[in-house]
Amino acid sequence: MPKATAISIKQLHAKTGEWVRRAGQSKAPLPITDRGRPIAVLAGPDLPIRPRRRTLLPAYAALMKKSAGIGVLADLDAVRGDR
């Protein structure tokens, strides 16, 4: 099988076992494409996983700093009204 920098999803379907074995032995992730666009990455278990950097929106951060208030039951009572 020729060395590839990326494979299509069609190639992956055709020879899944071979590609999975190859990715498991490789030191680099193998991108999977669908119509030329990357959609997934096949990587071995020894490759380090890059942690995602998350950014909290200012409004959400402010909401999280607020105290919990009275509680969920009071909020439910307010929504339900006199039911």
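The values are calculated or read from the model by the stated rules, or taken from the named source; none is laboratory data. Model, not experiment: these values are computed from the prediction. Cβ: placed from backbone, ideal geometry, glycine included. Neighbour counts: every protein chain shown. When the accessible area is computed, the model is the full protein with side chains, heavy atoms only, and any ligands, DNA or RNA have been set aside. Shrake-Rupley method; radii C 1.70, N 1.55, O 1.52, S 1.80 Å.
Remarks
- Candidates 78, 23, 14, 59, filtered to the one that is open to solvent by less than 70 Å² (accessible area, probe 1.4 Å) and either of a type outside the set (Ser, Thr, Tyr) or touching a His at 6+ places or on another chain (Cβ under 9 Å) (or both): 23
- Residue 31 vs. criteria open to solvent by 80 Å² or more (accessible area, probe 1.4 Å) and part of a strand (DSSP E or B): no
- Residue within segment 44-64 that is at negative phi, in contact (Cβ under 8 Å) with a residue 24 or more places away in the chain and in contact with a helix residue (DSSP H, G or I) (Cβ under 8 Å, 6 or more places away or on another chain) present: no
- Unique residue being of a type in the set (A, V, I, L, M, F, W, C) and within 16 Å of residue 6 (Cβ to Cβ) when the list is 59, 43, 74, 78: 43
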